[in-house]
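Before any comments, here is the structure.
The values are calculated or read from the model by the stated rules, or taken from the named source; none is laboratory data. Keep in mind that what you see is a predicted model, and the values were worked out from it rather than measured. No Cβ is skipped: glycine too gets one built from the backbone with ideal geometry, and neighbour counts run over all protein chains shown. We work out accessible area using only protein heavy atoms, side chains counted, and drop any ligands, DNA or RNA first. Shrake-Rupley method; radii C 1.70, N 1.55, O 1.52, S 1.80 Å.
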Amino acid sequence: MHVLSYLWQASHAFNEEGSQESEDWVAERFQRILEGRAGTVAGGIRRSATLRGLTGSKREAVDTCVNYILNHKGYMHYNEYLEAGYPVATGVIEGACRYLVKDRMNTTGARWGVDGAEAVLRLRSLKASGDFEVYWKYHEQRVYERNHASRYADSPPPIWRGRASSDSKRSGPALRLVPS
């Protein structure tokens with residue numbers, strides 16, 4: 001979340017950089033922002049800077065943070081977003097979108113239809129999340145059920161042994177068409 005970087009800069013105006021006090025200061029204000037109290041946080045930070053008589057680069061860091069919060073508080077209804085289950089960490093979301101979408105879809109000369117792009121993005125997200133192997137086993141089982149098991153109404157289908165392991169010497173596909 002962008003607001004965190006501004007809170008850290010303001011924190012260093014009040015506390016020693018790298019100190020536990022600085023971490024606690026940021027955590028407390030960030031929690032309040034997540035609770036939907038961005039305007040109150042901004043006012044408190046500015047009031048503290050005035051009461052402490054901060055000037056120069058320290059005051060500038062505080063004012064930059066406060067101005068960011070006040071300029072964006074209309075978008076900082078994080079309490080409502082979190083309650084609705086929406087993601088709020090835009091940096092993470094932007095990074096994921098860049099990695100999953102832009103890096104793959106924005107290739108020179110690429111032409112994507114909606115169905116093809118969606119299929120590629122689903123596979124990329126499964127691979128990136130570490131869930132591809134589990135998904136692939138599920139996919140193979142569903143292919144078997146759709147294309148083979150449904151063809152055996154009067155007798156049980158042949159036993160499916162799944163995908164061959166990487167050290168298997170078997171040649172040919174794991175699934176084969178059985179005449180109906």
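Key figures for this structure:
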read-out	value
Boolean, residue 79 is touching a Ser or Thr at 6+ places or on another chain (Cβ under 8 Å), free of Cβ contacts under 8 Å to residues at least 60 places away in the same chain and polar (S, T, N, Q)	no
Selection within region 1-31 - assigned to a loop (DSSP other than H, G, I, E, B) and under 21 Å from residue 88 (Cα atoms)	1
Failed item, numbered, when residue 53 is tested on (1) exposed (fewer than 12 other Cβ atoms within 10 Å of the Cβ); (2) on the phi < 0 side of the Ramachandran plot	(2)
Checklist (1) modelled with pLDDT under 85; (2) open to solvent by 70 Å² or more (accessible area, probe 1.4 Å); (3) outside any loop (DSSP other than H, G, I, E, B); (4) aliphatic (A, V, I, L, M) applied to residue 159, failing item	(3)
Subset of region 103-115 [part of a helix (DSSP H, G or I) and either among the aromatic types (Phe, Trp, Tyr) or surrounded by 11 or more Cβ atoms within 10 Å (Cβ to Cβ) (or both)]	103, 104, 105
Given (1) open to solvent by less than 40 Å² (accessible area, probe 1.4 Å); (2) at pLDDT below 85; (3) part of a helix (DSSP H, G or I), number of the condition residue 39 does not satisfy	(2)
Residue 135 open to solvent by less than 50 Å² (accessible area, probe 1.4 Å), more than 26 Å from residue 14 (Cα to Cα) and either part of a helix (DSSP H, G or I) or touching a residue at least 40 places away in the same chain (Cβ under 8 Å) (or both)	no
Checking residue 31 against (1) under 27 Å from the mean Cα position of the chain (by Cα); (2) open to solvent by less than 60 Å² (accessible area, probe 1.4 Å), the condition it does not meet	(2)
So residue 169, is it modelled with pLDDT under 60 and open to solvent by 80 Å² or more (accessible area, probe 1.4 Å)	yes
Those residues of region 75-92 which are open to solvent by 50 Å² or more (accessible area, probe 1.4 Å) and part of a helix (DSSP H, G or I), in sequence order	75, 79, 80, 81, 82, 83, 90, 92
